[in-house]
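Visitor: Shown below is the structure under consideration.
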Amino acid sequence: MTTIELFEMTGEFAGDKDVARKIREDILKPRLLGKEDVAIDFAGVELATQSFLHALISSLVRTVEFDALAMIEFRNCNPVVRELIEIVADYSQEDVTDDWNEDEDDDQEGDPSAHRGAGGDDR
């Protein structure tokens, strides 16, 4: 398991989306694609913005290539940071569910029977 010491890259305030993106692309994503678990250690980080956390994990949560939330461990988060991680993870998962629902709707658009009543007759 790789451990990312976030404080070393962000200091007490994790707010730079470019840093988050670099961590995601250079460290997190390659390891997750390689089926390696990763720990993100927030020790010393007093505050992280929602936009930083979004840039760090949202696209990873939404991918179908791996189960990011099962493979990433968030360590030493204070309650505020933990809550923000949960918010980002929740809405990122909802995006995936919404995409699946849209795909199902798209599949039915070309099928005239999908729009008929239970009897199959739309008179």
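The numbers here are math on the coordinates, done by the rules we state, and not lab data. A quick note: this is a predicted structure, and the numbers were derived from the prediction, not measured.
Visitor: Once you keep just the Cα pairs under 8 angstrom separated by 6 or more residues, what percentage relative contact order results for region 2-110?
Guide: Details: 133 pairs, mean separation 31.9, N = 109.
Dividing the mean separation by the residue count of region 2-110 yields 29 percent.
Visitor: Working out 0.36 nm times the residue gap between Val80 and Phe7, then minus their Cα-Cα distance, what length gain in nm do you get to one decimal?
Guide: This chain segment gains 24.7 nm when fully extended.
Visitor: Another question, then. Which cross-chain or sequence-distant (5 or more) residues have an amide H under 5 Å from the amide H of Ala48, H modelled 1.01 Å from N in plane?
Guide: Here the answer is Ala14, since their amide H atoms fall under 5 Å of that of Ala48.
Visitor: A further question follows. Hey, what D do you get for region 2-110 in µm²/s if you plug the Kirkwood alpha-carbon radius into Stokes-Einstein at 37 °C and 0.692 mPa s?
Guide: 227 µm²/s
Visitor: Residues with amide H under 5 Å of Phe74's amide H, sequence separation 5 or more or different chain, H placed in the peptide plane at 1.01 Å from N; which?
Guide: Amide H neighbours of Phe74: Ile40.
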